[in-house]
1. Say whether the condition of being closer than 18 Å to T70 by Cα, touching a residue at least 40 places away in the same chain (Cβ under 8 Å) and in contact with an Asp or Glu (Cβ under 9 Å, 6 or more places away or on another chain) is met by at least one residue in region 155-164.
2. Does region 129-152 contain any residue that is within 34 Å of the chain's Cα centre (by Cα), under 30 Å from T41 (Cα atoms) and in contact (Cβ under 8 Å) with a residue 60 or more places away in the chain?
3. Assuming P202 fulfils every condition listed in (1) over 26 Å from T164 (Cβ atoms); (2) surrounded by 15 or more Cβ atoms within 10 Å (Cβ to Cβ); (3) at pLDDT 90 or above apart from one, which condition is it?
4. Applying the selection to region 160-195, what residues are at pLDDT 90 or above, farther than 22 Å from V266 by Cα and in a loop (DSSP other than H, G, I, E, B)?
5. Can you tell me which residue in region 143-159 is farthest from F77 (Cα to Cα), limited to those that are part of a helix (DSSP H, G or I) and among the hydrophobic types (A, V, I, L, M, F, W, C)?
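The values are calculated or read from the model by the stated rules, or taken from the named source; none is laboratory data. Bear in mind the structure is a predicted one, so any value in this text is a computation, not a measurement. Here the Cβ positions follow ideal geometry from the backbone for every residue, glycine too, while neighbour counts run over all protein chains shown.
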Amino acid sequence: MLTASLARSSIVRHASCARKSWLITASKPQRRAFSSSVIQTLSDGFLDLAIALPLPQSLPPYSTTIILLTVATRLVFTLPFSVWAKNRQWKAENLVIPQIKQEMPRFHKQAIQDMKRDSFRGDKDAASIEVNKRVKALAKVRQKELLALHHASPLPTMAIPPATQLPIFVVSTMVLANTSQPPSVLDSESFLTITSLTHSDPTATLPIALGLVTLVNVETSRWFVSAAATAREKQVAQWVAERRAKGEAVVEPRKVMQTSLRILSVARILVAVAVPGNIQIYWVASATFGLIQTWALDWWHARRTEKYWQTHIPPLKSRVP
């Protein structure tokens with residue numbers, strides 16, 4: 001009886017483990033099948049839309065639909081978040097930073113009082129270093145308070161716009177890649193230097209245009225910088241030069257980011273050469289929209305800053321309150 005009971009228990013355990021293993025194994029193909037079904041549904045919808053749109057006969061229907069959908073999705077799903085982030089950036093630069101500058105004398109006075117209270121001992125150089133250290137700590141705490149007060153914390157400002165753009169970019173690329181699989185109705189359509197939307201541009205004109213648009217977006221980012229921002233950058237550059245003169249290693253995140261984006265411009269050309277023409281059209285259209293959006297938002301940011309400081313005196317010479 002005991003042997004039979006143990007045998008039945010062993011069989012039940014093995015059956016349970018086998019069932020769990022089968023469920024895990026079966027769920028993976030189901031997830032893949034679901035994602036493939038979604039991509040196929042979106043692909044069919046794109047092809048139907050391209051035929052249904054009342055486009056002039058002179059315009060290639062599928063290429064034109066790709067461009068129109070790119071503009072529409074960027075306007076509806078990504079532009080609002082970019083405007084939201086630009087507004088938060090403006091508040092950080094024109095409300096938070098000037099307020100911190102205005103309160104710096106108070107931080108300095110409080111740091112000295114705290115050192116006296118703590119009975120700090122040291123020579124003049126040590127005291128100066130300690131004062132600067134405490135002032136920076138007080139300023140950092142106050143900056144966090146002001147950023148939270150004005151809803152301008154930098155992490156969401158930097159993270160949310162790319163987080164909203166990336167899923168749309170990836171899904172759109174997957175849909176277009178699916179529509180270019182043979183046999184495809186896109187094979188008979190040409191656009192500019194692309195002889196067939198299912199094949200890469202034989203002249204590499206669109207991939208090169210993609211890289212150039214990306215590079216222009218990087219190089220023109222300083223066109224609408226305000227005078228206050230330029231002054232801050234000069235102060236940072238002077239501080240970096242002084243630190244490096246002392247032999248210290250200083251990393252400048254902005255310059256690192258610019259260098260990375262320049263490298264990305266070249267990398268996008270190499271990747272774009274290997275994809276079908278319909279994807280190349282989408283990537284160039286999306287990059288061009290991004291460039292125009294950057295110019296427009298930077299211009300709006302600069303004009304808003306100029307108008308604001310026409311009615312507000314910047315705290316260039318702060319006094320201890």
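1. Within region 155-164, the subset closer than 18 Å to T70 by Cα is 161-164.
Subsequent filtering for residues that are touching a residue at least 40 places away in the same chain (Cβ under 8 Å) retains 161, 164.
Then keep just the ones that are in contact with an Asp or Glu (Cβ under 9 Å, 6 or more places away or on another chain); that gives none.
No, there is no match, as no residue in region 155-164 is closer than 18 Å to T70 by Cα, touching a residue at least 40 places away in the same chain (Cβ under 8 Å) and in contact with an Asp or Glu (Cβ under 9 Å, 6 or more places away or on another chain).
2. no
3. That leaves (2) as the condition not met.
4. Answer for region 160-195, where residues must be at pLDDT 90 or above, farther than 22 Å from V266 by Cα and in a loop (DSSP other than H, G, I, E, B): just T195.
5. Taking region 143-159 first, the residues part of a helix (DSSP H, G or I) are 143-149, 154-159.
Next cut, among the hydrophobic types (A, V, I, L, M, F, W, C) only: 146-149, 155, 158-159.
Numbers: L146: 29, L147: 26, A148: 26, L149: 27, L155: 20, M158: 17, A159: 15 Å.
Only one residue tops the list, namely L146.
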